[in-house]
1. Could you work out the relative contact order of the chain, using alpha carbon pairs under 8 angstrom and six or more residues apart, expressed as a whole percent?
2. Mind checking which of 62, 291, 16 has the largest fluctuation in a GNM of the chain, springs on alpha carbons under 10 Å?
3. Roughly how tilted is helix 115-135, in degrees to the nearest 10 and between 0 and 90, from the longest Cα axis of the chain?
4. Long-range amide H contacts for residue 367: which residues qualify at under 5 Å (H placed 1.01 Å from N, peptide plane, sequence gap of 5 or more or a different chain)?
5. When the chain is fully extended, how far beyond the present Cα-Cα distance does residue 193 get from residue 358, taking 0.36 nm per residue of separation?
6. Please work out the Cα center distance from region 95-135 to region 34-69, rounded to the nearest Å.
7. Mind giving me the nanometre distance, one decimal, between the label points for residue 215 and residue 428, set 7 Å out from Cα along Cα→Cβ?
8. Mind listing the phi-derived Karplus ³J(HN,Hα) values for region 360-371, rounded to whole Hz, using 6.51, -1.76 and 1.60 with θ = phi - 60°, and x for any glycine or proline?
Amino acid sequence: MTSLTEGLVALLARPIAPADRARAALHLLDWVGCAAAGAAGETGAVFRAHAARQPAGAAKVILGPRVGARDATLANGALGNVLEMDDVHREAILHPGPVVAPAALALAAERGADGHALLDALLRGYEAMIRIGRAMGPAHYRHFHPTASCGTFGAAAAAASLLGLPAERTVWALGNAGTQTGGVWQCRAEPVMTKQLHTAHAAATGLQAALLAADGLTGPRLILEAPLGVFAGLAPDARPDRVLAEPDAPWLMHATSFKPWPACRHCHATIDAILALRGEVAGREVTRIGIGTYGDALTFCDRPAPESTVQAKFSLQHAAAVALHDGRPPLDAFAPAAIARPELAALRARTTLVQDPALHAAYPLRYGAAVTLTLADGSELRRTVPDALGDPENPLAEGQILDKARMLMASAGVPEERIAAVVDAALSLADGAPVARLNDVLP
């Protein structure tokens, strides 16, 4: 009987079109921007310093040295998640870019691959990670970080693609990636850097599993569905049918959202709703901000008094206050100086959260929010955003995606000429340009 992993590997062999590669190039560039901005921060400095102590190699660490593929994957695997602006798949509730892109790019640079090989690997890595992620079920998300637990599979699938592994060895790679998976959520409860270690470890572990499979290390073909497998151990209400469902659907990268704001995705629809209402406020006093949304947004982001940047990025109250008072949130909107601003603290104190039954029922296929602003005269302004900006139903234009990447690199101090070269080299991968061209201009 064919295992779920074997069936998944067969799905990864389906045709890839030019439009798919063009989409993959945008996701890669989006990750480069996120990683550059993340590398410039405190957490990024830790991983860059670690990379600087490793032997030299061909793969570039963002804002860091050239090292071997495995060391570059570990460092870069941390950087793209720092700002919380990494791409996201809603049903799977995970971020493929910061795990799959570092592993694929480092290996492609080391092996001298061309753009098509790299972008095909990205598509396959996203597909594996998302298909397994959407099968995990809601109970998994309560205790485990799906980007970590499912990321090992994505990185392994991408690396296996670049290595040209046959189906059997790709199954081994996925099996051995899955046996090492994890990522418990305690890091959400403490002001630590562990969340970035999750993505770094997932990327490096998946790459290692594929490299070992290439050398003949066998792995379990029933890693997902067996009594001692991932679903039984980590996902009590798993939905195994979602792994192979809709086999003829477009590559799931096309259903992956881009994030315009530097905050947890659970906050984005709220930000969008308030931005839409802001013009109607016209300087009048807002006495109450009412937010209705789905349960996980409340579980992860009900934080009326954040004390750190990480906590502010996971605070619906702070996100709402920033959007109402300042408009479109800049990168520093969640920094300690912004948290301490008395006008934002006052707005956070006026914010109430409730679970909205309709929006909760639509989740996780849709990440919506309904906002009511109560004014001093007793009147109310209401706006419901069923799909956050950057979702497939409410997409960012290609120019906006490119502008985001440029802005993030500029925030890290990358010169304008280098930014232009990175954008050009990333987009040219869809035409088959060598990966070395991008690797040589990475910041």
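No value in this document is a laboratory result; all are computed from the given coordinates. Since this is a predicted model, take the numbers as computed values, not measurements. With ideal geometry, Cβ positions are generated from the backbone for all residues, glycine too; neighbour counts draw on all protein chains shown.
1. That works out to 20 percent.
2. 16
3. With both axes taken from Cα atoms, the answer is about 60 degrees.
4. 388
5. Once the chain is fully extended between residue 193 and residue 358, it gains 55.9 nm.
6. Between the Cα centre of region 95-135 and that of region 34-69, the gap is 19 Å.
7. Result for the modelled spin labels: 3.5 nm.
8. Working through the residues one at a time gives 5, 5, 7, 6, x, 5, 9, 10, x, 8, 10, 10 Hz.
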